[in-house]
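Report on the structure given below.
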Amino acid sequence: MKNLFSNIKGDAFGGITAGIVALPLALAFGVSSGLGPSAGLYGAIFISFFAALFGGTNTQISGPTAPMTAVSMVVIAGIIAVNDGDVNKALPAILLVFLLAGLMQVGLGVLGLGKYIRYIPYPVVSGFMTAIGVIILITQILPSLGYYPKEDTEFVNQFKPQAEEVILDNILKEEAGEGILVLEDFKETIDRAEHISQDQILKESQTLAAKDASGTVGALKVLPRALRNISWLELILALGTIIIIYGFKRITKAVPSTLVALIVMSGIAVGFGLDYRPIETIPDGLPQLRLDIFTGFQLGSITPYFFTALTLALLGAIDSLLTSVVADNMTKTKHKPNKELVGQGIGNSVAALFGGIPGAGATIRTVVNINSGGKTKLSGMIAGVLLLVILLGLSGVASKIPAAVLAGILITVGIGVMDYKGLKAIPSLPRDVNVGPFKLSSEVLIMLVVLILSTFWDLIYAVGIGLVIASLSFMKKIGDLTAERSDVKTLKEEAWADEVGFPDSLKEEVFIKHLKGPLFFGSTSDFQQLTAQIPDTAKTVVIRLGRMQYMDQSGLYAMEDMLQELSKKDIEVLFVGLLRQPKYMMERIDIIPDFIPRDHIFERFDECMNWIKINLHE
């Protein structure tokens, strides 16, 4: 506790500055997610406070981030769609998924898995981050133009036949649930259908229209309509926001340009009484605990999203720990990764209980905190408290912010979140794979696959596919390197220093094989050729294993197969320099001592030579 208050002045200034920077972003991410600005603000308040209190990075500022919001947007849109477009009806299931993601993060930290996050390949992270930027840019074009598909009557009317089909399908499902046999009592179906109002059809049509125009593909599909129906006022507000954000940075970085843009453009819109579209109203008072998460719990409603919750948890972990590394480099400290995951998980869990969207460690806000004097956990907690004070005192004012201004802020976020370092490296990376007539870098290929699939298909599956391709590529490279280093040659060509004096009289009868790397599933195919290459004159095979540090199950069985073949030919096998892990593996399935007696295992080559000289001609 003493350390917590050791830097009150610096932490207060750092926390207040970070909180001010977080305010416009929290509102913007909330709107972008589909749950409204209050959800973004609630997320920022609770995640910032609790992740700082329980986390393992003293200077970290947490809250909604672009990657977490992009994935959350997919979850929210999917659950709303299966709940007839009703956000209030879908909200308990949405928040339950977010709560599950937070609890999973706590679990990752408790199990000590934080240290493994760093093994996710850079091309996967690079492609994902650039895709996040592209998704934000494309999806924010429509609100920047002042176009909202649900409000385009001509567009919505196209979905009326489909809406009637959906409503009728729901009637049939209701009847089936009540045990009514439709074909025997079709009159009941007709009677219920006659009570369908035009308002119901319109509402369902709007839901279908919004769903059709969601995501990057949907936004691009309706872009021509948006361009024909531009609201010039909304466009000017969005462009003005973007210009101020980039322009004010050239004047000074002491004041957050995002906040300046928010205040200036909102002030102009309100001050001149412009007919603009405001964001949704932010509720007054303290956030309410959402007990309907549990009272309305249905396992079937969240089961399809279990993998999505895990993805959110992993993404939040990666996002947070990368920011922790940045903080370490700036402060010359060392964060505790598992403790940080527990803190982030608690923050996300509490945020979900109060209706907030999930988040993670935010790099820009953390850097601002450090540069403003923040050194302890108190800074992150102060940032959360500041946002709570703003919510309680200024929610009415914040509700007047133009939606186009937040769209402009998000466009700059989208531009900033892209991985330009990875994109610039594309021409210079070695081209090591052939794709049809083209020669590409495997790293670039992975990045492009993740980027394209994330942008136009599914963020979650894209990352999974990227990891699989990256893993297979890595296995192939390691397998090729291992095979290259562990190639089978005659003794004369590859004699090691301690083999130089090997008697010429024994060279026809003794075959020596050096394994110079791990024996795993990526290298077993080359190893399996060993038996065929052993000359017919050989009576003894010496396998030198001092550089084979690791053997997996595939390698284990490849070794067993080879030893069986040699045993059938009455060829004795001697091991030299067998290391602990491979020895343990071979003892588990009795290769030792069934195929290799313990007196055939030697620590040094000279001990093996003595055995050969004594036993070979007996």
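Worth a mention:
- Test: ARG544 is in the same structural domain as GLU499 (by TED's automatic domain parsing) and in contact with a His (Cβ under 9 Å, 6 or more places away or on another chain): yes
- Search result, residues across the stretch 238-259 that are surrounded by fewer than 19 Cβ atoms within 10 Å (Cβ to Cβ) and without any contact (Cβ under 8 Å) to a residue 40 or more places away in the chain: ILE243, GLY247, PHE248, LYS249, ARG250, ILE251, THR252, LYS253, ALA254, VAL255
- Some residue of the stretch 81-95 being over 25 Å from LEU289 (Cβ atoms), part of a helix (DSSP H, G or I) and not charged (D, E, K, R): yes
- Flag if ALA101 is part of a helix (DSSP H, G or I), out of contact with any Gly (no Cβ under 8 Å at 6 or more places or on another chain), of a type outside the set (Lys, Arg) and in the same structural domain as GLU340 (by TED's automatic domain parsing): no
- Condition check for ILE16: assigned to a helix (DSSP H, G or I) and buried (at least 24 other Cβ atoms within 10 Å of the Cβ): no
- Among the candidates VAL450, VAL417, VAL413, VAL385, the residue that is touching a residue at least 40 places away in the same chain (Cβ under 8 Å) and either more than 26 Å from the chain's Cα centre (by Cα) or surrounded by fewer than 16 Cβ atoms within 10 Å (Cβ to Cβ) (or both) is uniquely VAL385.
- Matching option when the condition is within 22 Å of MET265 (Cα to Cα) and within 26 Å of the chain's Cα centre (by Cα), among GLY343, GLY408: GLY408
- Among the residues listed as VAL435, VAL413, the single one being under 17 Å from ILE244 (Cβ atoms) and either at pLDDT below 85 or in contact with a Cys (Cβ under 7 Å, 6 or more places away or on another chain) (or both): VAL413
- Test result for THR216, surrounded by fewer than 21 Cβ atoms within 10 Å (Cβ to Cβ), farther than 22 Å from PRO402 by Cβ, at pLDDT below 90 and among the polar types (S, T, N, Q): yes
- Test result for PHE54, surrounded by fewer than 24 Cβ atoms within 10 Å (Cβ to Cβ) and either under 22 Å from the mean Cα position of the chain (by Cα) or in contact (Cβ under 8 Å) with a residue 24 or more places away in the chain (or both): yes
- Failed criterion for LEU103 (all others in (1) surrounded by fewer than 19 Cβ atoms within 10 Å (Cβ to Cβ); (2) of a type in the set (A, V, I, L, M, F, W, C); (3) more than 18 Å from the chain's Cα centre (by Cα) hold): (3)
- Looking across the stretch 146-169, the residues that are under 36 Å from the mean Cα position of the chain (by Cα) and not hydroxyl-bearing (Ser, Thr, Tyr) come down to GLY146, PRO149, LYS150, GLU151, ASP152, PHE155, VAL156, PHE159, GLN162, ALA163, VAL166.
- Members of the stretch 528-545 found to be at pLDDT below 75 and touching a Lys or Arg at 6+ places or on another chain (Cβ under 7 Å), listed by number: LEU530
- Considering residues of the stretch 552-584 that are touching an Asp or Glu at 6+ places or on another chain (Cβ under 9 Å) and closer than 18 Å to LYS516 by Cα only, the residue surrounded by the most Cβ atoms within 10 Å (Cβ to Cβ): VAL576
- Filtered residues of the stretch 330-345 (kept if assigned to a helix (DSSP H, G or I) and modelled with pLDDT of 85 or more): PRO337, ASN338, LYS339, GLU340, LEU341, VAL342, GLY343, GLN344, GLY345
- Residue match in the stretch 288-308 (condition: over 22 Å from ASN348 (Cβ atoms) and touching a Gly at 6+ places or on another chain (Cβ under 9 Å)): no
- Taking every residue in the stretch 283-308 that is modelled with pLDDT of 75 or more and pairing it with any residue that is among the polar types (S, T, N, Q), at least 6 positions away or on another chain, the pairs with Cβ-Cβ distances below 6 Å are PRO283/SER38; ASP284/SER395.
- Residues that are in contact (Cβ under 8 Å) with a residue 24 or more places away in the chain and either more than 21 Å from GLN529 (Cβ to Cβ) or of a type in the set (Val, Ile, Thr) (or both) within the stretch 589-606 comprise ILE589, ILE591, ILE596, HIS600, ILE601, PHE602, GLU603, ARG604, PHE605, ASP606, listed in sequence order.
- GLU165 part of a helix (DSSP H, G or I) and at pLDDT 80 or above: yes
- Test: residue in the stretch 499-507 that is within 24 Å of TRP611 (Cβ to Cβ), polar (S, T, N, Q), assigned by TED's automatic domain parsing to the domain that holds PRO582 and modelled with pLDDT under 75: yes
- Conditions (1) farther than 30 Å from SER471 by Cβ; (2) not in a helix (DSSP H, G or I); number of the one not met by PRO593: (2)
- Qualifying position, being in a helix (DSSP H, G or I), over 25 Å from LEU35 (Cα atoms) and either outside the structural domain of GLY30 (by TED's automatic domain parsing) or not polar (S, T, N, Q) (or both), among ALA317, ALA352, ALA327: ALA327
The values are calculated or read from the model by the stated rules, or taken from the named source; none is laboratory data. Here the structure is a predicted model, which means the values were calculated and not measured. Cβ atoms come from the backbone with ideal geometry, glycine included; neighbour counts cover every protein chain shown.
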